[in-house]
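Here's the structure, in structure tokens; my notes come after.
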Amino acid sequence: MIELSTGIIFLMSSLYGSGYIADNIFDSNQQASVNEQNSSSVRVLIQSKEIENYIRQNYSDTPILVEIARCESTLRQYGKDGDIIRGKVNRNDIGVMQINITYHGENAEKLGYDIYTTEGNIAFGKYLYDKHGSQPWSSSAKCWAKASIELAKK
């Protein structure tokens, strides 16, 4: 168990820097807090990978949605702090597909999609794409347009 904890701490310190751990290594209460934070970060990393796999499975027939999700949220539903990803430009954009709650929240709820969950956000993203194509994500088209052209060639 100690080897696993040490490995996780090493991984996290190499990813996020080691200053915080080094500053607090001699205080057992603070060290427990650091271990808890590291474990939370590892869970978020694992969740991000699981979400990416989930997206790829659900959008296997519409791979452009994978590229849109990559551009919109870097394939993440939650941030490192565990909170849902919100848009940088518009805080009303929610989750992996950056579904705007002002424009789509009521309709999503009416149709039974909870866009605050990974599953609901991805499913409503597919619904939007089926209804409107890539237009709801036109503001990020510079990021995914080239991938769209490449996918069309296949």
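The values are calculated or read from the model by the stated rules, or taken from the named source; none is laboratory data. Since this is a predicted model, take the numbers as computed values, not measurements. Heads up, the Cβs are rebuilt from the backbone with ideal geometry, glycines too, and the neighbour counts pull from every protein chain shown.
Assorted remarks:
- Of all residues in region 135-154, none that is of a type in the set (Val, Ile, Thr) has its Cβ atom under 8 Å from the Cβ atom of a residue that is modelled with pLDDT under 85, 6 or more apart or on another chain.
- Qualifying residue in region 96-108 (condition: under 20 Å from residue 53 (Cα atoms) and acidic (Asp, Glu)): no
- For region 63-110, filtered to residues that are in a loop (DSSP other than H, G, I, E, B) and among the polar types (S, T, N, Q), the residue that is surrounded by the fewest Cβ atoms within 10 Å (Cβ to Cβ) is 74.
- Scanning region 97-154 for residues that are of a type in the set (A, V, I, L, M) and modelled with pLDDT of 95 or more gives 97, 99, 101, 108, 111, 115, 122, 123, 128.
- Tabulated pairs, region 107-124, first more than 12 Å from residue 58 (Cβ to Cβ), second part of a helix (DSSP H, G or I) and among the small types (Gly, Ala, Ser), C-beta under 8 angstrom, 6+ apart or interchain: 108/120; 113/120; 113/123; 114/108; 114/120; 115/105; 115/108
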